[in-house]
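What follows is calculated from the coordinates using simple rules that are stated; it is not laboratory data. Predicted model, so just to flag it, every value in this text is computed and none were measured. When we count neighbours, we look across all protein chains shown, and the Cβ atoms used for this are built from the backbone with ideal geometry, even at glycine.
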Amino acid sequence: MGGALNVEPLRIGVIGVGVISEQYFANFPRLPGLELVAVADLNTARAAEVAAERGVEAMAVDALIADPRIEAVLNLTIPAAHAQVDLKVLQAGKHVYGEKPLASTVAEGRRVLEVARDRGLRVGSAPDTVLGTGIQTARQVMDAGRLGDPVGASVHWTAPGHELWHPAPDFYYQPGAGPLFDMGPYYLTSLVLLLGPVVRVTGTATRSTRERVIASGPRAGQSIPVETDTHVVAILEHEGGAISTVTVSFEVWESRAPLFEVYGTAGTLAVPDPNRFSDEVEIWTTASEDWAVVPTSAGYADAGRGYGLADLARAVRTDRAHRASGELGLHVLEIMEAVLRSSRERVVIDITTTAARGDIVPLGATPASW
């Protein structure tokens, strides 16, 4: 559970101090298993500002990777740079944990994991939202058989587009992003944890002609190009036979569709938003014939971004498997790549990777207890 361990914290360097980094930094004080040593960014002024705020060093990217004090790197660069940075970190003999997706392509992701295996190093991959009480409680419901035999699931995440809130949303509309690569990992990772690995995929994707205009920040009013599909629909067949339907979109202004539901022979599970850590799980069963909130029963309580890295750090120190693994990230990446390939080629795609679901996080466990 959450007993203290007499081990040293894992010394961390962070590469990329953009918007998402603020959420990680906010949680570091609650994770004494991590010791922040230095930060780096191509924007050196921003890196210096963040370093001063955190009381650590600002370094050039290559210097941070080479620094012998640093044992692991948190890679928060843009998606197109994930694999390149990961490989440099691994070749320098350090563990790496990165934002999703693991890489831009399955080939890149496989290479990252191959280098890690050859060097005996760990690769972790977001999302770690699935380690919070929301998805972990949902998983415990599924594993306990409260829905009977799993039949299927439905995911419907939609929004009009990130340009309405993000001051620099360009990368969301580039290859390797879009709603599938940006938001898909939250839902696909959750589906794998709840229903098991995916074995076959069918997908279709499109994009509208709508102009994308930045709504906030210094570039407000500027139009940005769209070079990836912005409305994606997929059918996933899981190893155990359940079928999931997934819609992710930057094209929907409003919707009343359920966000995330799982269906079984004995009931329905309303799964909380996997972009969050701790929303409530609700269940309807043939025995109750009414909706009820499921008492929280598993997961890191009050978690936030960085808990997956802390889980990795604890696993390194105790020689255990970490949960937000590179293998899971690669499996999700292959699912996403297969969805887009299926759309292009109009074929069903067999998935070649798989991933362990990992142990459920016991309620009361915390990677902050060292």
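Evaluate 2.2 N^0.38 Å with N set to the residue count of the chain, then give the Cα radius of gyration divided by it. Don't skip to the answer; put the middle values down first.
Working: Rg = 20.2 Å, N = 370, 2.2 N^0.38 = 20.8 Å.
After normalising by residue count via 2.2 N^0.38 Å, the value is 0.97.
Hey, got the dipole for region 248-370? About the Cα centre, +1 on K and R Cβ, -1 on D and E Cβ, debye to the nearest 20? It would help to have the intermediate numbers written out before the result.
On the way: 11 positive and 18 negative charges, 103 e Å.
Around 500 debye, computed over region 248-370.
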Practice task
Positive end of the charge dipole of the chain (Lys, Arg +1 and Asp, Glu -1 on Cβ, about the Cα centre): tell me which of 51, 296, 157 has its Cα farthest that way.
Solution key: 51
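Order of 249, 21 from fewest to most other C-beta atoms within 10 Å? If you can, show how the numbers build up before the last one.
Working: 249 25, 21 20.
Going from sparsest to densest Cβ surroundings: 21, 249.
Taking every DSSP beta bridge that has both residues in the chain, what percent is antiparallel when rounded to the nearest 5? Present the calculation step by step, with values, prior to reporting the outcome.
Values: 38 of 65 bridges.
If I count the DSSP bridges inside the chain, around 60 percent turn out antiparallel.
What number comes out for the charge environment of residue 177, summing +1 per Lys or Arg and -1 per Asp or Glu over other residues with Cβ under 12 Å away?
-4
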Handout entry: Kirkwood-Stokes translational diffusion coefficient of region 240-292, alpha-carbon pairs, 25 °C, 0.890 mPa s, µm²/s
Key = 188
Completion exercise
Two pseudo-spin positions, 7 Å from Cα along C-beta at residue 341 and at residue 210, lie apart in nanometres by 3.0
Handout entry: Least to most buried among 146, 305 (fewest other Cβ within 10 Å first)
Key = 146, 305
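Sorted from largest to smallest, which semi-axis lengths in Å does the alpha carbon gyration tensor of region 133-294 give for its equivalent ellipsoid, taking the root of 5 times each eigenvalue? Walk me through the numbers on the way to the answer.
Working: eigenvalues 218, 56, 30 Å².
Here the semi-axes work out to 33, 17, 12 Å.
Once you order the gyration tensor axes a ≥ b ≥ c over the Cα atoms, which shape class does region 272-348 get: rounded for a/c under 1.5, otherwise prolate or oblate by comparing a/b with b/c?
Taking the square roots of the gyration eigenvalues as a ≥ b ≥ c, region 272-348 is oblate.
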Practice task
Let me have the 222 nm mean residue ellipticity of the chain computed from DSSP H runs of 4+ only, each contributing -39500 (n - 2.57), with the sum over all residues rounded to the nearest 500.
Solution key: -9000 deg cm²/dmol
Handout entry: Order of 335, 243 - criterion: other Cβ atoms within 10 Å of each residue's Cβ, fewest first
Key = 243, 335
